[in-house]
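Okay, structure first, notes after.
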Amino acid sequence: MCRFITTFANGLGYTGRHLVHLKEGTYGAPHSAEVDPGQDKLVATSPAPKQLMGIEDNVLSSLMHIGGTDLAESIPESPQRMRRLMHDITMLGTSLPEGIWVRHGLGRIDMMKILIAGPVGTPYEYGLFEFDLFCTASYPTKPPVMEFRTTGNGEVAFNPNLYADGKVCLSLLGTWTGESWGPASTLLQLFVSIQAMILCEQPYYNEPTRKGVSKRRSDEYNEAVRNWTAQFAIAGWLGRPNPSPIWQDVVDYHFKKHAVDIINISEHWWYSEKEEALRLVKAKA
């Protein structure tokens, strides 16, 4: 836990002492005079970044990991496809819920990168999870293709629906059982489904064959997911030598806004793990 907090603080250009003062509500008190107010980035939080924003095509395409030759070449535009894409972009601009950010090409609005914050109360809370999305030439008749990017370089499967190789299993994408993509389906619906149905409180049970399995298994799975979230979806963003050219404003804003909350939950996780370890030792004594 100490290593995580140190990485978290350093990533914000902060020291652990700054965070302790903020956590205890003693910033500005006489005994916290050693904290330089001019360096207090956490208190003076910058304005919230735009949830939807267009990015230069060449910049965005260089960061995409899906699409192949279709992404590199211009796709002949059908009026239906363009109308639908414009409709989707407009809907995203007015209806994105808190905790979802979308960056699309200024000219190629068929390519997007999405960042979703883990909902509070889940093992993903406060983590930032990145996805690539590309609407192929058959869109909107067929769903877009999507890839999960927060995988610890292909090592971590955060969820039964999120594979380590980047596959996103969701019925709307045609990669999972359930409601399939249809004429009324939208990109907004897709993003909200990921936030609510995949990044959920008990992701262990997203695998249908696990229904009825003891909650102890689910709790153990959540513990692993929390550790991965801390390592890859929180500290992973702050420890990068080269900040993301499209997400840096979101990363700075999100983690500064929730700094104290993140420290609190990291301490809670650590104490919970300690108590569980003591319980197991006593059970074997």
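Could you list, in sequence order, all residues of the range 94-109 that are part of a loop (DSSP other than H, G, I, E, B), over 19 Å from SER62 (Cβ atoms) and among the aliphatic types (A, V, I, L, M)?
Within the range 94-109, LEU96 is the sole residue that qualifies.
Tell me which of these LYS167 doesn't satisfy, since it passes every other one: (1) within 17 Å of THR136 (Cα to Cα); (2) under 14 Å from the mean Cα position of the chain (by Cα); (3) among the basic types (Lys, Arg).
Of everything listed in (1) within 17 Å of THR136 (Cα to Cα); (2) under 14 Å from the mean Cα position of the chain (by Cα); (3) among the basic types (Lys, Arg), LYS167 misses just condition (2).
Within the range 147-166, does at least one residue satisfy the condition of being at pLDDT below 95, surrounded by fewer than 21 Cβ atoms within 10 Å (Cβ to Cβ) and of a type in the set (Ser, Thr, Tyr)?
Checked against the condition, which is being at pLDDT below 95, surrounded by fewer than 21 Cβ atoms within 10 Å (Cβ to Cβ) and of a type in the set (Ser, Thr, Tyr), the range 147-166 yields no hits at all.
Mind checking whether some residue in the range 210-231 is aromatic (Phe, Trp, Tyr) and in contact with a Leu (Cβ under 8 Å, 6 or more places away or on another chain)?
Checked the range 210-231: no residue is aromatic (Phe, Trp, Tyr) and in contact with a Leu (Cβ under 8 Å, 6 or more places away or on another chain).
Only one of these is more than 27 Å from MET53 (Cβ to Cβ), among the small types (Gly, Ala, Ser) and either outside any helix (DSSP H, G or I) or within 14 Å of the chain's Cα centre (by Cα) (or both): GLY236, GLY182. Name it.
Step by step, each of GLY236, GLY182 is checked, and only GLY182 is more than 27 Å from MET53 (Cβ to Cβ), among the small types (Gly, Ala, Ser) and either outside any helix (DSSP H, G or I) or within 14 Å of the chain's Cα centre (by Cα) (or both).
Going residue by residue through the range 141-150, is there one that turns out to be assigned to a loop (DSSP other than H, G, I, E, B), of a type outside the set (Val, Ile, Thr) and either under 24 Å from GLY236 (Cβ atoms) or under 12 Å from the mean Cα position of the chain (by Cα) (or both)?
Yes - at least one qualifying residue is present in the range 141-150.
Look at TYR253 and say whether it is surrounded by fewer than 17 Cβ atoms within 10 Å (Cβ to Cβ), at pLDDT 90 or above, aromatic (Phe, Trp, Tyr) and part of a helix (DSSP H, G or I).
Judged against the criteria, TYR253 is a match.
Within the range 197-235, which residues are over 14 Å from PHE148 (Cβ atoms) and small (Gly, Ala, Ser)?
GLY212, SER214, SER218, ALA224, ALA230, ALA235
Six or more apart or on different chains, Cβ atoms under 9 Å: show the pairs whose first residue is in the range 110-125 and in contact (Cβ under 8 Å) with a residue 60 or more places away in the chain and whose second is part of a strand (DSSP E or B) and among the polar types (S, T, N, Q).
Matching pairs, first to second residue: TYR124/ASN159.
What number of residues within the range 131-158 are without any contact (Cβ under 8 Å) to a residue 60 or more places away in the chain, touching a Gly at 6+ places or on another chain (Cβ under 8 Å) and within 16 Å of SER193 (Cα to Cα)?
Residues in the range 131-158 being without any contact (Cβ under 8 Å) to a residue 60 or more places away in the chain, touching a Gly at 6+ places or on another chain (Cβ under 8 Å) and within 16 Å of SER193 (Cα to Cα): 2 in total.
When you scan the range 122-130, do you find a residue that is among the hydroxyl-bearing types (Ser, Thr, Tyr), crowded, with 23+ Cβ neighbours inside 10 Å and part of a loop (DSSP other than H, G, I, E, B), even just one?
yes
Name the residue that is nearest to MET53 (Cα to Cα), counting only residues in the range 101-121 that are among the β-branched types (Val, Ile, Thr) and surrounded by fewer than 20 Cβ atoms within 10 Å (Cβ to Cβ).
The extreme case among them is ILE109.
The values are calculated or read from the model by the stated rules, or taken from the named source; none is laboratory data. None of the values given here were measured: they were computed from a predicted structure. When we count neighbours, we look across all protein chains shown, and the Cβ atoms used for this are built from the backbone with ideal geometry, even at glycine.
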